[in-house]
Structure formats: structure tokens, C-alpha cells
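Report on the following structure.
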Amino acid sequence: MLPSPRQVGAQPFLAIARNDSESNLARVESFQIQPQRAQPLLGHGGMRWPRMTVKPGARRWRGSLRHARNYRPGTVSGWDICPDSRDTSDGEIMEEPRPAATPPESAPHVVITLPKGMIVSGITTWAVRLARGLATRGRRVLLAAHTEPRGFTPIPAEGVEVVRIRGEGADTARDLPAYRELVQQLLTDSAGAGGRRIVFLPSLAAGSYATVARLRQEFPGVIRVVGWQHNHIPYDLRMLEYFAPTIDRFVAVSTAIARRQRIRLASRSDDISLVPYGVEVPPSPAVRPPLAGRPIRLIYTGRMDHTQKRIGAVLAMSEELQRRRLAHELTLVGDGPASDEVDQWCSARPHARRCSPSGPRQVADMLREHDCFVLASRYEGLSVAMLEAMAQGCTPVVTRVASGAEDAVEAGVCGELVAADEFEADDSVGRNMAEGVASVLARGADAMGAAAWRRAKERFSIESHFRAAERVIDAAARAGERYGSHREADGMTVPPDAGERAEEVLRELRGRRIALWGAGRHTNEIVETVRQSGAMIAAVLDDDPARWGERVQDGEGCGWPIVDPHRAIELGITDVVISSWLHEEAMWARREIFERVGIAVHRLYGGRTACLLP
């Protein structure tokens with residue numbers, strides 16, 4: 001039970017303590033605050049009380065020490081009060097003394113970069129929603145959207161200011177002139193607004209952060225940066241560490257990400273805020289027809305890909321439900337590299353269909369028509385699609401990923417969490433997902449859907465998200481200048497010893513017919529090493545159909561063709577070398593597509609001790 005609100009000055013607040021250690025939950029019996037000198041806590045927009053004394057009392061309260069340093073019995077140092085957030089591991093509300101909002105006329109401009117353009121993704125949905133919401137509060141927010149990869153349909157963004165940046169992905173040398181012009185235009189538009197700053201929220205790519213770091217040098221005193229970590233993967237955290245000198249504030253979208261940030265960015269812990277996503281929640285959950293006498297309706301919304309979303313496991317789930325004779329309908333909404341594969345699978349199964357991506361209203365309508373939302377991701381930060389489904393009373397059946405799922409879903413109450421290792425085979429995960437669907441049916445889909453709606457309404461409202469985002473952005477805008485902030489993107493996706501590792505593997509494969517797996521930056525960076533090794537490269541394999549038919553230039557004018565991985569056997573490939581650091585583990589987990597036809601697969605990084613030839 002929470003202690004009652006106390007008064008500090010004229011401001012009420014609820015104090016909650018929590019230890020960064022997941023297992024060391026403190027038992028606090030009662031407390032009193034000693035507000036020695038209230039200090040601004042810029043990372044949260046709240047106030048800090050450097051010391052809180054805990055005194056024994058009759059009432060016991062099982063709390064947790066949140067963001068506490070130098071903890072010893074009876075004392076919490078470095079106390080902070082977090083805005084509009086919840087300790088979702090315990091479900092406890094935290095309030096804070098709220099500073100006055102920055103007046104719109106002096107609020108900073110905001111630019112969110114989208115190096116993959118307006119593709120279907122949770123990050124794009126979040127960016128559109130945030131931009132639209134802040135615009136209604138009198139703020140100017142622009143989405144800097146790059147060209148979408150071929151095969152992706154841009155999602156609609158009505159009521160949002162979108163600036164188009166030519167070129168796919170993030171490349172500082174190519175993109176810098178366009179971003180420089182964007183900054184200059186914003187400065188011209190706000191002339192007379194006296195020192196108005198521009199806060200950048202780079203997304204997804206090291207190149208975006210590198211471009212913004214360069215802008216910060218060129219426009220001193222103008223550019224500020226918020227590092228918003230959306231995914232719980234090592235690359236994203238490493239990127240924030242690398243670019244930390246250029247970043248003013250850090251945001252984590254889940255408790256797990258916040259915990260990791262505070263460990264890895266310990267010296268910047270005051271600059272870290274937990275800001276979960278928010279979604280629009282209707283006044284009541286949708287009323288669905290009784291399940292008796294009809295199939296259960298399952299829906300997945302998002303990218304059709306194997307690397308993160310593990311779409312193959314969703315298809316395997318349906319196959320397992322069919323085997324169990326559990327009648328169901330499966331709707332998959334979205335596009336991506338695996339779209340053709342999904343379409344082919346659906347064409348032989350009348351109970352399944354794929355729909356092209358739609359606007360948010362259409363997606364909400366579809367969610368209200370379905371009983372369960374299914375998601376088999378290898379990793380997430382906090383799935384926006386899952387929250388949208390919960391808001392419509394559509395019960396989530398999702399993999400128990402390291403981040404986000406447990407913040408939102410209480411297993412057996414408002415959804416099901418499915419056991420799945422990040423690199424577990426699709427068939428195995430599919431069986432577990434099918435068991436999750438069966439569990440929802442046994443427990444009652446309507447009751448669980450209503451509980452999911454309540455959870456979304458209580459914890460993930462769009463208004464609290466807007467308020468928290470505003471506070472972080474305003475805190476970044478108020479931050480002082482940072483020095484020594486120049487950073488390049490090189491090395492963020494390609495380790496410095498990539499060429500040496502490739503040379504070592506290729507040396508052992510001389511005389512064999514080889515394909516490199518991955519047509520991205522990693523392969524482009526090791527081209528010269530590969531060429532000088534004398535290895536016989538027959539093709540470059542890539543999962544993205546949009547790349548098939550292109551070539552990776554090999555330095556000799558001809559280039560290696562980019563082809564479908566499933567064509568490896570017809571091309572006479574004997575060995576496949578994974579050419580990726582960022583995605584190596586996920587690709588290694590899928591090596592069975594080659595090994596089952598006698599093709600050896602080799603990796604350059606984690607876990608490789610030797611090249612074993614068949």
C-alpha cells in the first residue's frame with residue numbers, strides 16, 4: 001500500500017523508492033522527507049531532494065528504491081521524483097512537482113529523423129503521433145523522412161509537417177546539405193523569437209546521430225539532442241554511449257532499457273528519463289460477437305520481416321493451431337522484406353490473409369474486429385502495436401522479450417506472455433504462441449480483452465506521454481553547450497577488425513564457391529578485403545526483395561549480384577559467410593535454410609571458434 005501524499009512547499013507528491021537491482025527490493029516501514037535544498041532535476045523536469053531519511057514505523061510498505069545511489073539502511077541519497085510515469089514492475093504511480101510548461105511562443109522547434117522514411121513501424125507511428133500531439137499544443141514539430149526502401153508503402157501522416165530528405169538510410173556526407181538547409185529555414189522562420197533552439201530526436205541509425213553532431217558544430221548554441229532508445233538491443237545502447245558527448249538528454253521507453261542506460265551511462269544518470277509510449281484509448285473496449293460457434297480472430301500489425309518481428313513464427317503458430325483443430329482466422333497487416341513469402345503462404349490457406357498497411361483509424365477498426373493480437377518478436381523496446389491492440393480490447397499474445405512486454409502485460413490477466421529465446425527456431429516459438437492462444441480461449445478472451453483495455457487506459461495514455469515528452473524536450477533545450485561533441489558513424493555498424501575477421505575466414509575457404517549473406521554497409525566496408533583475398537564470390541544474398549537484381553561493386557567494375565537467399569543451391573554455393581555485425585545472431589539462428597541443403601554457414605563474430613568445413 002502506498003504512503004499518503006506529503007507536502008513539499010505547496011506541491012504534493014507520492015514518493016517511491018526503488019533499487020536498480022532487480023532482486024533487492026527494500027522494505028520501507030515509513031518515511032519522512034528532509035528537503036535540504038530542492039534542486040532542479042533537469043532530466044525529469046522535476047525537483048531533487050538530495051536526502052530522504054527512512055524511519056521505522058508501524059505500517060509496512062514493500063517499495064523499491066528507484067534510481068538511488070549510495071544506499072544504506074535508513075537513508076536514500078540521490079533521490080528523484082519521476083514525472084507521470086509508473087514503476088511498471090510494481091504498478092505504483094509516481095507523481096512530481098510540476099514546473100510551468102514552456103510557453104509555445106518560446107518552445108524549441110523539434111525535428112525527428114526517420115532514415116527509413118515513413119515505413120510501417122512502431123517508431124514511425126510514434127513519431128507521427130508525437131508530432132501531431134505536440135502541434136496541437138502550439139509547438140512546431142517536423143519529421144525529416146528519408147526515401148523509403150523499395151517495396152515499402154509510406155503510411156499517411158495527415159496534420160504533420162513532413163520534410164523529405166532524398167536518399168535511403170542515413171549517410172552524413174550525402175544528407176548534411178539537406179539538414180543544413182532545414183536548420184537555416186527554421187532559424188529564418190523563427191527570426192525575432194530570440195534564441196529559440198532546435199531539438200533533434202535522431203532515430204534508428206548511427207548516421208542520423210553523426211549528421212546531427214555535425215550540425216551541432218556548425219550551429220553552436222542552436223542544436224540540442226535527445227537520444228530516444230526505442231529497442232532493447234546492444235547496438236542501440238552502444239550508439240548512445242558512443243554519441244553521448246553530443247546528446248543532452250536520454251529517453252528509455254521501458255523499465256528494462258532505463259535500467260541498462262543507468263548502468264552503462266552512469267555518469268549521465270540525471271539526464272535519463274523513462275517515457276513509455278502512449279496511445280489513444282477509447283472510452284470503452286469494443287464489444288465482439290460471442291466466440292461460441294465462430295473461429296477466434298487473430299491479427300498481427302507491423303513489418304513483415306524475420307530479423308526482428310520473426311514473422312515465420314506467426315505462420316508456424318497458425319500451422320500448429322490447424323494441427324490442433326483450433327478454428328481461427330489470421331490477418332496480417334503491413335509490408336516488408338517477407339511480404340512475398342507471406343503472400344505465397346496465405347494463398348494456400350483460406351483462413352489467412354495479408355493486408356497492405358493502412359492509416360491508424362483503419363488499423364483501430366481492424367483491431368476492434370479481432371480477438372487476439374499476436375507478436376513473436378525477437379526483441380522490442382515497448383511495442384506500439386501491442387499497446388494499440390490493448391487499447392481496443394484486443395488481447396495480446398506476445399513473446400516474453402527482455403524489454404517492454406512485462407511493463408504492459410500481466411500474464412493470465414490482460415494477455416499471455418510466451419516463452420521464446422531470441423534465436424529460437426520459428427517452429428518452436430510458433431508452438432508456444434499457439435499454446436498462448438489456447439490459454440486465452442480457456443481463460444476467456446472477452447474478460448482478458450477488457451483487462452487489456454483497462455491497463456492501456458491506466459498506464460499508457462497519450463496525454464501523459466505528450467506531457468512527459470514535452471518536459472524532456474524542454475529540458476534538453478535548456479541544457480548548456482556541450483564540447484568535444486564531434487562523432488562520426490564509422491565503426492557503429494562495422495567493427496574496426498571486420499576486414500581482418502573476413503580475411504581469416506575467406507583464407508580457409510579458398511577454392512570453394514562462396515556467397516556473402518547481407519548487402520548492407522558491412523559488406524560494402526569489406527569489399528576491398530574480399531577482393532584481395534582471392535575468394536570466389538558468386539553472389540551476395542539478401543532477405544530484402546527490393547535489393548534483388550542490384551549489384552555490390554567489387555572494385556573491378558563488374559560487381560556481385562544480389563539474390564534471394566533461397567537461390568543459393570541453384571547457384572552452386574558451397575559456403576555462406578554472414579556479413580553483418582549488427583544482425584549476425586539473428587541470421588545465424590536462421591542458418592538452417594542453408595544447412596538443410598548441404599551449404600556450410602560461417603560467422604565472423606560472436607561464438608565462432610573455427611571454420612568447420614563439411
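The values are calculated or read from the model by the stated rules, or taken from the named source; none is laboratory data. All values derive from a computational prediction rather than experimental measurement. We place every Cβ from the backbone using ideal geometry, glycine too, and count neighbours over all the protein chains shown.
Please list, ordered by first then second residue, the pairs with beta carbon atoms under 7 Å, 6 or more apart or interchain, first in segment 294-310 and assigned by TED's automatic domain parsing to the domain that holds Ser356 and within 15 Å of Ala586 (Cβ to Cβ), second polar (S, T, N, Q) and in a loop (DSSP other than H, G, I, E, B).
Close Cβ pairs satisfying both conditions: Arg303/Ser121; Gln308/Ser377; Lys309/Ser377; Arg310/Ser377.
So which strands (runs of 3 or more DSSP E) stay within segment 492-591 end to end and still have 1 or more residues that are in contact (Cβ under 8 Å) with a residue 24 or more places away in the chain, crowded, with 19+ Cβ neighbours inside 10 Å and not aliphatic (A, V, I, L, M)?
513-517, 560-563, 575-578
Find the strands (runs of 3 or more DSSP E) located wholly in segment 324-406 whose residues include 1 or more that are within 22 Å of the chain's Cα centre (by Cα) and under 22 Å from Val281 (Cα atoms), and list them.
328-333, 372-375, 395-399
Please verify whether Ser284 is exposed (fewer than 15 other Cβ atoms within 10 Å of the Cβ), assigned to a loop (DSSP other than H, G, I, E, B) and touching a residue at least 24 places away in the same chain (Cβ under 8 Å), treating the condition exactly as stated.
When the stated conditions are applied, Ser284 passes them.
Does Gly518 meet the test of being at pLDDT below 90, small (Gly, Ala, Ser) and closer than 29 Å to Phe243 by Cβ?
So Gly518 does not fit the description; no.
Kindly indicate the residue of segment 216-235 that is outside any strand (DSSP E or B) and free of Cβ contacts under 8 Å to residues at least 60 places away in the same chain and also farthest from Phe200 (Cα to Cα) among those meeting that condition.
Pro234
Which of the numbered conditions does Ala258 fail, given that it passes all the others? Conditions: (1) without any contact (Cβ under 8 Å) to a residue 24 or more places away in the chain; (2) surrounded by fewer than 23 Cβ atoms within 10 Å (Cβ to Cβ); (3) under 19 Å from Val401 (Cβ atoms).
All conditions pass for Ala258, except number (2).
Mind listing whichever residues of segment 407-435 are within 25 Å of Val287 (Cα to Cα) and either without any contact (Cβ under 8 Å) to a residue 60 or more places away in the chain or assigned to a loop (DSSP other than H, G, I, E, B) (or both)?
Selection gives Val409, Glu410, Ala411, Gly412, Val413, Cys414, Gly415, Glu416, Leu417, Glu435.
Quick check on my filter: what residues within segment 592-601 are without any contact (Cβ under 8 Å) to a residue 24 or more places away in the chain and outside any loop (DSSP other than H, G, I, E, B)?
Listed by number, the list holds a single entry, Glu595.
For segment 297-306, check the following and say yes or no: at least one residue is hydroxyl-bearing (Ser, Thr, Tyr), in contact with a Pro (Cβ under 9 Å, 6 or more places away or on another chain) and not in a helix (DSSP H, G or I).
yes
Considering only strands (runs of 3 or more DSSP E) fully contained in segment 65-159, which possess at least 2 residues that are modelled with pLDDT of 85 or more and not basic (Lys, Arg)?
109-114, 141-146
Kindly indicate the residue of segment 287-315 that is surrounded by fewer than 17 Cβ atoms within 10 Å (Cβ to Cβ) and not hydrophobic (A, V, I, L, M, F, W, C) and also modelled with the lowest pLDDT among those meeting that condition.
Ranking the qualifying residues of segment 287-315, first place goes to Gly293.
Assess whether Gly207 counts as being in the same structural domain as Leu134 (by TED's automatic domain parsing) and either surrounded by 23 or more Cβ atoms within 10 Å (Cβ to Cβ) or assigned to a helix (DSSP H, G or I) (or both).
Considered against the rule, which asks whether it is in the same structural domain as Leu134 (by TED's automatic domain parsing) and either surrounded by 23 or more Cβ atoms within 10 Å (Cβ to Cβ) or assigned to a helix (DSSP H, G or I) (or both), Gly207 comes out as yes.
Go through segment 272-281 and give me each residue that's closer than 26 Å to Glu369 by Cβ and part of a loop (DSSP other than H, G, I, E, B).
Selection gives Tyr277, Gly278, Glu280, Val281.
Of a type in the set (D, E, K, R), touching a residue at least 24 places away in the same chain (Cβ under 8 Å), crowded, with 19+ Cβ neighbours inside 10 Å and more than 30 Å from Pro337 (Cα to Cα): does that describe Arg140?
yes
Does Met433 satisfy being of a type outside the set (S, T, N, Q), in contact with an Asp or Glu (Cβ under 9 Å, 6 or more places away or on another chain) and closer than 24 Å to Tyr277 by Cα?
Spelling it out, it is not the case that Met433 is of a type outside the set (S, T, N, Q), in contact with an Asp or Glu (Cβ under 9 Å, 6 or more places away or on another chain) and closer than 24 Å to Tyr277 by Cα.
Restricting the search to segment 143-165, which residues are touching a residue at least 60 places away in the same chain (Cβ under 8 Å) and β-branched (Val, Ile, Thr)?
Thr153, Ile155 - these are the residues of segment 143-165 that are touching a residue at least 60 places away in the same chain (Cβ under 8 Å) and β-branched (Val, Ile, Thr).
Which of the residues spanning segment 172-187 are surrounded by 18 or more Cβ atoms within 10 Å (Cβ to Cβ) and either of a type in the set (Lys, Arg) or modelled with pLDDT under 90 (or both)?
The one that is surrounded by 18 or more Cβ atoms within 10 Å (Cβ to Cβ) and either of a type in the set (Lys, Arg) or modelled with pLDDT under 90 (or both): Thr172.
What single numbered condition from (1) out of contact with any His (no Cβ under 8 Å at 6 or more places or on another chain); (2) touching a residue at least 24 places away in the same chain (Cβ under 8 Å); (3) of a type in the set (Gly, Ala, Ser); (4) over 19 Å from Val333 (Cα atoms) fails to hold for Gly444?
So the condition that Gly444 fails would be (2).
Table: residues versus (1) among the aliphatic types (A, V, I, L, M); (2) surrounded by fewer than 15 Cβ atoms within 10 Å (Cβ to Cβ); (3) over 20 Å from the mean Cα position of the chain (by Cα).
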site: Thr211; (1), (2), (3): no, no, yes
site: Leu215; (1), (2), (3): yes, no, yes
site: His230; (1), (2), (3): no, no, no
site: Ala244; (1), (2), (3): yes, no, no
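Might you let me know whether segment 249-256 holds any residue that is in contact with a strand residue (DSSP E or B) (Cβ under 8 Å, 6 or more places away or on another chain), in a helix (DSSP H, G or I) and farther than 27 Å from Ala385 by Cβ?
no
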